[in-house]
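First up is the structure itself, then whatever we jot down about it.
The values are calculated or read from the model by the stated rules, or taken from the named source; none is laboratory data. Please read all numbers here as calculations on a predicted model, not as lab measurements. Positions of Cβ are generated from backbone atoms using ideal geometry, with glycine treated the same way; all protein chains shown enter the neighbour counts.
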Amino acid sequence: MKVEILSPEKNIFEGEASYVGLPGTDGSFGILNNHAPLITTLAKGQVRIKTDSGEQTFEVNGGTVEVLNNKVTILAG
Amino acid sequence: MAGGLKEVRSRITSVQSTRQITQAMKMVSAAKLRRAQDAITQMRPYAEKLQEILANVSSTLDSSEGVYSVEREVNNVLVIAITSNRGLCGAFNNNIVKEVKRLIADDYAGKNVHVLSLGKKASDAFSKTSHHTTEGYSDTPYEIFDDLTFGNAGDVATIAMSQFADAKYDRVVVVYNSFKNAAMQDVSTEQMLPVVAKAEKGGSAATEYIFEPNREEIVENIIPNSIRLQLFKALLDSHASEHGARMTAMHKATDNASDLLKELKLTYNKARQASITNEILEIVGGAEALNG
């Protein structure tokens, strides 16, 4: 699935991933391929992205996530 | 006559160096303008996505209920005036100051208006008036352009939001130069609070989203963020406009200096010729007197 992390200042990450771990406001959760459409909010924490070449982590200060058609868009606050 | 020559020569030198300075400033502004425009482009995908999500979430919600959308009778107004830190950019800052004064005198006449200055020029114009405020801000908010980040812009917006929520202000407006193109800026007055419901295009309503935890809480989370983004966008726009305005102003100044230089050179050459003719006349006259 495609993953995008956007901030108002720049595009932080864009690429393919097999798993995304997110710090939801009601607890951490993960997103795998073919997840159902979802809109949710994030708390302060770490976003973990598993790609073919390994795992990357990003710090976010809250935000919003949309999952649609195998595309995860993370709006970092 | 020789004194006149010397005077013109020194004026030519001074105009020449002035032109060099204005030309350099124009180049610097052009480079900074490009960077400022990049920043606007960088923000656009984020802004569009946020708007889209907001439209999707709130399509069936009555969004006129949140703390930031309450319409109260307008008595206390906060005007956020965005100018630059430096001058030499034509009427750029003056337009903002004029518009804010017009708002105080006309639109909000008789109301209690406070002005929050972002940018040194606005601060200079209003810090001596009774409208000036920096209440609630720990440091000097007008220095925001020294370090223009979403975090810093967000802090200013957050303070304004909490003041609105506490009913300290009934309306918050932003006055700034919106960026049209490098040579054009428009003075815009935008209402920041209460939130104006935008005519939302009806998102991809066909998709059945799962909302976690629920629509209301997501909207409550997104709206403050979109308000912060609105202020950040105004600041970025103003920043790009500033460099555009300075570029135009410096271009004009360079042109004027070139014209002036042309005229001065003409005067200089005329004076030089006149003095040479004079000398010849004197020599011929002297020789004639000897022969006679």
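Considering only residues that are within 22 Å of B:D147 (Cβ to Cβ) and either assigned to a loop (DSSP other than H, G, I, E, B) or of a type in the set (S, T, N, Q) (or both), which ones fall in the range B:107-130?
B:S117, B:G119, B:S123, B:S127 - these are the residues of the range B:107-130 that are within 22 Å of B:D147 (Cβ to Cβ) and either assigned to a loop (DSSP other than H, G, I, E, B) or of a type in the set (S, T, N, Q) (or both).
May I ask you to list the residues in the range A:1-23 that are facing chain B (nearest Cβ under 7 Å) and either in contact with a strand residue (DSSP E or B) (Cβ under 7 Å, 6 or more places away or on another chain) or in contact (Cβ under 8 Å) with a residue 40 or more places away in the chain (or both)?
A:L6, A:S7
Among the residues of the range B:109-142, how many are closer than 19 Å to B:L88 by Cβ and modelled with pLDDT under 85?
Number of matching residues: 1.
Looking only at the range B:244-290, which residues are out of contact with any helix residue (DSSP H, G or I) (no Cβ under 7 Å at 6 or more places or on another chain) and β-branched (V, I, T)?
Of all residues in the range B:244-290, those out of contact with any helix residue (DSSP H, G or I) (no Cβ under 7 Å at 6 or more places or on another chain) come to B:248-249, B:252, B:255-256, B:259, B:262-263, B:266, B:269-270, B:273-274, B:276-290.
The answer is B:T248, B:I276, B:T277, B:I280, B:I283, B:V284.
Every residue, every condition in (1) buried (at least 16 other Cβ atoms within 10 Å of the Cβ); (2) within 14 Å of chain A (Cβ to nearest Cβ); (3) over 20 Å from the mean Cα position of the chain (by Cα); (4) not in a helix (DSSP H, G or I), yes or no:
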{"position": "B:R11", "(1), (2), (3), (4)": "no, no, yes, no"}
{"position": "B:K32", "(1), (2), (3), (4)": "yes, no, no, no"}
{"position": "B:R35", "(1), (2), (3), (4)": "no, yes, no, no"}
{"position": "B:D38", "(1), (2), (3), (4)": "no, yes, no, no"}
{"position": "B:R44", "(1), (2), (3), (4)": "no, yes, no, no"}
{"position": "B:E52", "(1), (2), (3), (4)": "yes, yes, yes, no"}
{"position": "B:N56", "(1), (2), (3), (4)": "yes, yes, yes, no"}
{"position": "B:E73", "(1), (2), (3), (4)": "no, no, yes, yes"}
{"position": "B:A81", "(1), (2), (3), (4)": "yes, no, no, yes"}
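B:A183: small (G, A, S), in contact (Cβ under 8 Å) with a residue 60 or more places away in the chain and more than 26 Å from B:S58 (Cβ to Cβ), yes or no?
So B:A183 fits the description; yes.
Out of all the residues in the range B:177-191, which are modelled with pLDDT of 90 or more and among the aliphatic types (A, V, I, L, M)?
Residue satisfying the conditions is B:V187 alone.
Would you confirm, using the coordinates I've provided, whether B:Y169 is within 14 Å of chain A (Cβ to nearest Cβ) and among the aromatic types (F, W, Y)?
No, not satisfied.
Yes or no: the range B:134-141 includes at least one residue that is surrounded by 16 or more Cβ atoms within 10 Å (Cβ to Cβ) and either closer than 21 Å to B:R34 by Cα or among the aromatic types (F, W, Y) (or both).
no
Quick check on the range B:193-216: of everything there that is surrounded by fewer than 16 Cβ atoms within 10 Å (Cβ to Cβ), more than 7 Å from chain A (Cβ to nearest Cβ) and in contact with a Ser or Thr (Cβ under 9 Å, 6 or more places away or on another chain), which residue is modelled with the highest pLDDT?
B:V196
Out of all the residues in the range A:25-45, which are outside any strand (DSSP E or B) and more than 10 Å from chain B (Cβ to nearest Cβ)?
Hits for the range A:25-45 are A:N33, A:N34.
Count, please, the residues in the range A:46-77 that happen to be more than 9 Å from every other protein chain (Cβ to nearest Cβ), surrounded by fewer than 18 Cβ atoms within 10 Å (Cβ to Cβ) and assigned to a strand (DSSP E or B).
Result for the range A:46-77: 11.
Quick check on my filter: what residues within the range B:99-122 are in contact (Cβ under 8 Å) with a residue 40 or more places away in the chain and under 14 Å from the mean Cα position of the chain (by Cα)?
B:E99, B:V100, B:L118, B:G119, B:A122
Pick from B:S258, B:S238: which is among the hydroxyl-bearing types (S, T, Y) and farther than 30 Å from B:L5 by Cβ?
Within the list B:S258, B:S238, the selection yields B:S238.
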